[in-house]
Amino acid sequence: MQRLLQVCSRVSLGVACLVGLCHAQDFQVPAAAVSAGDEADISTTGSGKATFYLIGPGVSRKSEVNLGESIRLQAQDTRTAGEYLASVCSSSCRSAGFYVNAAKPASLTSLVHPSRVPVAQPDAVSGVALPFDQFHNLVLHPLTVNFQLSAGNALLLSRSVPTQNGAAWFRALSGKSAGLLQVTAAVDDLSARRAVQQVASDPCNLRITGQRTKVGISVQTEPVRDCAGNSVPDGTIVTFTATTANGKSSVDAPIKRGVAQAQMLASGAASISAASGVVMGNEVRVGAQP
Amino acid sequence: MRTSNCRARFWNLCSIAVLALCLGVSPNLHAADSAVQVQLDFKKASPRAVEELTERAILRDYRFAWTSIAQALEFNTLDPLEGPFAGDAKRWLKQSVVSQQQAGLNQKYVDQTHRVEAVFYAPEGDVMELHDTAEYQLQISDGGKVIHDEHAVVHYVVLMTPAADRWVIRLLQAVPQF
């Protein structure tokens, strides 16, 4: 009797196909979003052979399946987060879509700027952190990123920032001392470290001394420091200007070992000034050659 | 007389050939490009405001990227993916093309409309996140036979970063909703 029913069913399906009413069998894609890299099943009903298609980011798969059996999606099929389309074709095709979401965070991408920054500058250091899963999908559900800025053993800043649309960011004042600034972004046990070189800011209280020599005037600065007491880097240019009765002459001298010095040719009385960047120093007067 | 007729015929043939080339080649490129409509809204971009030149570059490069996706997946060719993509977006798009070639499938994106909103622009301008509500007619064919044809509305989260001469897509991730 059962055999008779099966034959009748097939015959009626065949007749239906002949009159154009043939449909593919039903199938069920995962109702909830699949986590990236997880296996999943697509259930089908009916009997007979069909062609199964899976089309998604990085995947275009075609295979023969038996209706009534589950179709197994392997872990490598669902590695990339996004929208997937499953299609089952027998006499006609039926399709359904489902989503694959990012898995749990496995790495943090951290961008920190700039790589070199003067000390004590407002909003001078900024950073962005983006959490990704092990398949490099952006994790979009909110996570808390802890940003920490430290110099040496001193913690300069600690800030917890929730991700919005998969990104968290901060902006901060640079530290007071020249040296390496460590910027750490962390989510639970994941962390990413970046380093920013903090350098002295503009010179502060530029002071010079001068004395007459046999060949002219020797001028030099005191150790050049910024307002926080950091030594201004060697190579920074200090411009010495001598004003005499005959006019003005200038010499550019780079800072070496913390000081800049120059020899100026002036036989008469001269007043010497110095400048570095936008900072002016004191002025010294040197008498005429005896 | 005979020589001048030959010359005239030669130049006519040349003109026809040039015309045929123009008709045969440029409409496709133009159609492929003009078929992608992109509306961009930068008002919500933060923490950095988007510069006017950057707005124009993003519009140009995002539109070109989708033209390239459509070409790559329709004709199963990797070349269009070389310029506008980088990183993981480029990797999976290439995988899509290769697996389509193997399975004998292709996808056609027709009448694309993208309503794009910039939601994040990094303080130093080195990464921008876009939310794109894309609408298109998606046709999937197996050996020329259409197996799926639908009007799709898909939400994409996009990360773009500046490269040497353009903005490139590094991440293109479809999500159920924003």
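Quick note: the coordinates plus some simple rules give every number you see, no bench work behind them. Here the structure is a predicted model, which means the values were calculated and not measured. When we count neighbours, we look across all protein chains shown, and the Cβ atoms used for this are built from the backbone with ideal geometry, even at glycine.
Here the gap between A:SER47 and A:SER249, fully extended at 0.36 nm per residue and compared with their Cα-Cα distance, gives a gain of 62.8 nm.
Relative to one another, the C-alpha centroids of the stretch A:53-110 and the stretch B:133-178 are positioned 16 Å apart.
Counting Cβ atoms of other protein chains within 10 Å of each residue's Cβ and taking the mean over peptide A:97-105 gives 2. Modelled spin labels at A:SER271 and A:THR209, positioned 7 Å past Cα toward Cβ, are 2.2 nm from each other. Dipole size of chain A about its Cα centre, with +1 on Lys/Arg Cβ and -1 on Asp/Glu Cβ: approximately 780 debye, rounded to the nearest 20. Summary value for chain A: 11 percent relative contact order, contacts being C-alpha pairs under 8 angstrom separated by 6+ residues. Of all aspartates and glutamates in the structure, those lying under 17 Å Cα to Cα from A:LYS248, and not within fewer than 8 positions of it along the same chain, are A:GLU283. Look at the dipole of the protein assembly as shown built from charges on Cβ: of A:GLN261, A:THR51, A:PRO162, the Cα furthest out on the positive end belongs to A:GLN261. Each Lys or Arg adds one and each Asp or Glu subtracts one; over the other residues with Cβ under 12 Å from the Cβ of A:SER110, this totals +1. Legend: ranking of residues B:MET160, A:MET264 from fewest to most surrounding C-beta atoms inside 10 Å; resulting order A:MET264, B:MET160. Going from the fewest other Cβ atoms within 10 Å to the most, the residues A:LEU156, A:LEU138 appear in the order A:LEU156, A:LEU138. Given a cut-off of 31 Å, name the pairs among A:LYS62/B:LYS44; A:LYS176/A:LYS256; A:LYS176/B:LYS90; A:LYS176/B:LYS44; A:LYS104/B:LYS90 whose C-alpha atoms lie farther apart than that in the structure shown. Correct reply: A:LYS62/B:LYS44; A:LYS176/B:LYS90; A:LYS176/B:LYS44.
Angle between the Cα long axis of helix A:2-18 and the longest principal axis of chain A, 0 to 90 degrees, nearest 10? Here the helix axis deviates by roughly 70 degrees. Estimated from helical segments only, the mean residue ellipticity of the protein assembly as shown at 222 nm is -7000 deg cm²/dmol, where each DSSP H run of four or more residues counts as -39500 (n - 2.57).
Sorting B:LYS90, A:LYS248 from the fewest to the most surrounding beta carbons within 10 angstrom yields A:LYS248, B:LYS90. For the protein assembly as shown, the square roots a ≥ b ≥ c of the C-alpha gyration tensor eigenvalues yield an a/c of 1.5 or more together with a/b not exceeding b/c, which makes the shape oblate. Spatial offset of the stretch A:273-290 relative to the stretch A:189-251 amounts to 13 Å, using the alpha carbon center of each.
Remark: the stretch A:203-286 carries a charge dipole of roughly 260 debye about the Cα centre, counting +1 on each Lys and Arg Cβ and -1 on each Asp and Glu Cβ.
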